[in-house]
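The structure appears below as structure tokens.
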Amino acid sequence: VEAEIPDAQKSAWKKHSASGFKNKEDFEAAAIRHIETTLARSLYNCDEGAAYGGTALAFRDRLIIDWNKTQQSHTFADQKRVYYLSLEFLMGRALDNAMLNVGLKDVARVEGLADLGFRMEDVIGIERDAALGNGGLGRLAACFLDSLASLDYPAWGYGLRYRYGIFKQEIINGYQVEVPDYWLDFNPWEFPRHDVTVDIQFYGNVRKYNDDNGRQVSVWENGEIVTANAYDVPIPGYNTPTTNNLRLWSSKAASGEFDFQKFNSGEYEQSVHDQMRAETISAVLYPNDNLDRGKELRLKQQYFWCAASLNDIVRRFKKSKKAWKEFPNQIAIQLNDTHPTLAIPELQRILVDNEGLDWDTAWSIVVNTFGYTNHTVMAEALEKWSVPLIQHLLPRHLEIIYEINLHFLQYVERTFPKDRDMLSRVSIVEESNPKMIRMAFLAIVGSHKVNGVAELHSDLIKTTIFKDFVKIYGQDKFTNVTNGITPRRWLHQANPKLSELIASKLGGYDFLKDLTLLHKIETYADDKQFRKAFQDIKFANKTRLANYIKETTGVKVNPAALFDIQVKRIHEYKRQQLNIFGVIHRYLALKAMSPEERKKMQPRVSIFGGKAAPGYWMAKCIIHLVNEVGRVVNNDPEIGDALKVIFIEDYNVSKCEIIAPASDISEHISTAGTEASGTSNMKFVLNGGLIIGTCDGANIEITREIGEDNIFLFGNLAEDVEDIRHQHTYEGVLIDDGLQKVFDAIHDGMFGHSDEFSALTNTVVNHDHWLTSADFEAYCKTHDAIDEAFKDQEAWLHKTILAVARMGFFTADRCIEEYAEMIWNVEPQKIKQNGA
Ligand code: BZD
């Protein structure tokens, strides 16, 4: 290819090719140029917003140069690539991450920005979070992108470019109020690719005919077309030139679709309406986590994004002129939950209908290409789509799904001829009214590997919801990849002082790319000086959070108190209700004490944060109760610093970066068997906090790694939950004595009108599906043990340091290496500095 380019052209490019800044002078020049020319500001009206804009654009230039080199190098090398399909990427802020990953934060901070008259923290704080996700699933995708790039894997993410990300949460009079998050008015991190578009079809009908060879051909026609537009977001690796791509699709009316006929004849509204209808597809992120609501627009989003992404992937493959059987050797596609499962019938459709492959050949390509990650066993979260809806929206795909099911059931019947029930149990089509397509089953049948996200979870899927599939396909199709987090963002960026302390002992920052090196700080758990330094950092981080709380809530909290934090989406299975009932229990106990007794108690700050899905009534009740308890407790003069209860508004990624380093204890207290993994548990321990938790998800493996002396576990085990629920149904719920006192206080109106909270208490009394009462006593006792343990600060520090030292396993880098080896069969590829 290079030989075809004339020398004059080459030398012009060589002379003028952009090169990213490497020092203060270049940075200042780039930032000022952008402030003046891109943002049209001057020395006299350069505010913090403009300083952010100039800095971000300067770094963007730098990223895009590496991005170009990376993409060129990957294209030339022509090795297998990974495509990570996720409806959610919860990226948070990009600037700080970009500065740290390219290793120029100090150049920008100490020299550049200071010269321009700004503080780095203020400039970074201007950026809005890219909040294209709900919670753990979306954040996992973001951590995986960071690791893929940092480890030099050729990989792309594919997602949707929502105009509105997850809503902004405001707390008004103690209630959650949702405000739209319009985040795109200034987003320097995306590149619109106006030349990269894909036309996506919906509705229409399927026409059949026989071709010259007598082969039946299906044509999907007369549909409605919507265009997908690509926007690319560069993903820089840490300390490597590798810069991968996250491609997000935006919907718009197909070109020519704006109907001038209608417009000219006065039907303005209709023609504008069509336009808006198309744009609606990528307009909003659905704010439900772990719940499937079966809305048509959601299905449209899923197909729109799968079809655009596959079209893009296939187009790139076809350029290589390789034989179709090479497809799975060149391409691995990972499905982040069942949301992208339509990619399976879509690829089959492309291969059979468009490319003319026979069914079996096509199907073997499909199965060898896809891997499926499951994130939940909870029935209410398992996706199903009604057959009439799919029939209407995607008629050809429905036919293909039925045919996939037919082949699959025939195989099952041959293998298990005596088990008639098996067929209806495993059928992709549920014989209900209306019939439903079980997306998880389709994903299993269409993938070569299925994985859970923590050991317990991966065992549970094999023994419960996917049990029959293990019989059918054997154990080997099912595997585990325990989740992890990127230490770049969750240690180095969120907690720079701790990162620096560790680096000072390990002789550098290599641990950020090999987190197992942390084990070398174990010996410092016994080093008094190190402990002091560690403690000072924790105190500074708690002070930073205390200041934030003062600024945003007006409540003054004492940074010397024990900070007890639960931040995550609000959900009954995550049991924030257990936490707040425990807080009320503590408050009642404090009230019953003499002032002298109260003085001896360990002061606490109970901190909550998290969003409730807008339609999730019970979750909203929990938020309201937390806020009402806070109002009463925080204003009780008898209580003072002994207890404070805080709800942090609008919890998101950038807030987590302030919160995670400031915990003494964090709560991961889901009903055993319900939290697939959890990842914030890892963030908190890595930042020098201990955990109170149930034997659930990754808590179990965290315990195994850090030692059971360094974690506070309590509660019933997953294997006993079903029996207890059964007992509740047939013998009624036994309400714990302590919990009864809490309910009495609520009913007496201690926290406002009790009607507001009756749903919360009634559900415990009636079913206690989440074992709030069954686990209450153990929960409260464990908190008492925490108070005791915290009094011995030296012993506490010893535990926290050991725990940090033993967290090496939970890096997302390890996850990516496991996926690469067990599921994708891809190799890393170093970028040569000159590109080619
Ligand atoms: O995925 C979460 C699980 O609940 C966590 O236990 C796990 O650690 C993470 C990462 O594996 N699941 C989600 O966050 N799920 C969703 O947000 C979601 C969103 C839309 C629809 C269904 C689920």
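We did not get these values from a lab; they are worked out from the coordinates using the rules stated. All values reported here derive from a predicted model rather than from experimental measurement. Every residue, glycine among them, receives a Cβ derived from its backbone with ideal geometry; neighbour counts consider all protein chains shown.
Numerical summary
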{"item": "Peptides ranked, highest mean first, by Cβ atoms within 10 Å: ranges 738-750, 305-317", "result": "305-317, 738-750"}
{"item": "Anisotropy class of the range 69-206 from Cα gyration tensor, a/c 1.5 cut", "result": "oblate"}
{"item": "Nonlocal amide H pairs with S282, under 5 Å, H built at 1.01 Å", "result": "S251"}
{"item": "Dipole axis of the range 561-797 (+1 Lys, Arg; -1 Asp, Glu on Cβ), positive-most option in G673, G693, F647", "result": "F647"}
{"item": "Gain on full stretching of the segment that runs from L43 to D419 - 0.36 nm per residue minus C-alpha separation", "result": "127.5 nm"}
{"item": "Where N is the number of residues in the chain, Cα Rg divided by 2.2 N^0.38 Å", "result": "0.98"}
{"item": "Rg(Cα) / (2.2 N^0.38 Å) computed for the range 176-244, rounded to two decimals", "result": "1.94"}
{"item": "Set of aspartates and glutamates with alpha-carbon distance to K542 below 16 Å, sequence-local pairs under 8 removed", "result": "E551, D564, D641, E657, D664"}
{"item": "log₁₀ of I(q)/I(0) at q = 0.16, 0.21 Å⁻¹ - the range 552-696, Debye sum with one point per alpha carbon", "result": "-0.86, -1.43"}
{"item": "Sequence-distant residues sharing a close amide H with E675 (under 5 Å, placed H)", "result": "G697"}
{"item": "Rounded, prolate or oblate (a/c below 1.5 giving rounded, otherwise prolate when a/b exceeds b/c) for the range 349-474 by Cα gyration tensor", "result": "rounded"}
{"item": "Sequence-separation-based contact order of the range 561-797, relative, with Cα cut under 8 Å and 6+ spacing, percent", "result": "21 percent"}
{"item": "Karplus-derived 3J(HN,Hα), 6.51/-1.76/1.60, for each residue of the range 218-233, Hz, glycine and proline x", "result": "10, 10, 8, 9, 6, x, 9, 9, 10, 9, 9, 10, 8, 10, 9, 10"}
{"item": "Kirkwood Rh and Cα Rg combined as Rg/Rh, the range 712-805", "result": "1.11"}
{"item": "Most to least packed among 289-297, 264-272, 54-62 [average Cβ atoms within 10 Å]", "result": "54-62, 289-297, 264-272"}
{"item": "Cα-centred dipole magnitude for the chain, charges only on beta-carbon of K, R (+1) and D, E (-1), debye, nearest 20", "result": "1660 debye"}
{"item": "Out-of-range pairs (alpha-carbon distance over 31 Å; input K462/K781; K15/K830; K497/K644; K208/K471; K384/K574)", "result": "K462/K781; K208/K471"}
{"item": "3J(HN,Hα) from dihedral phi, the range 715-727, Karplus parametrisation 6.51/-1.76/1.60, rounded to Hz, x for glycine, proline", "result": "x, 5, 8, 3, 5, 9, 4, 4, 4, 5, 4, 4, 4"}
{"item": "Local electrostatic count at H407 - Lys and Arg +1, Asp and Glu -1, tallied over other residues with Cβ under 12 Å", "result": "-2"}
{"item": "Around K556: net Lys/Arg minus Asp/Glu count, Cβ-Cβ under 10 Å", "result": "+1"}
{"item": "Relative contact order of the chain, pairs being alpha-carbon contacts under 8 Å that are 6 or more residues apart, as %", "result": "14 percent"}
{"item": "Helical mean residue ellipticity (222 nm; -39500 (n - 2.57) per DSSP H run of 4+; nearest 500) of the chain", "result": "-13500 deg cm²/dmol"}
{"item": "Antiparallel DSSP beta bridges within the chain, percent to nearest 5", "result": "45 percent"}
{"item": "Translational diffusion coefficient (Stokes-Einstein; Kirkwood radius from C-alpha pairs) of the range 561-797 at 4 °C, 1.567 mPa s, in µm²/s", "result": "72 µm²/s"}
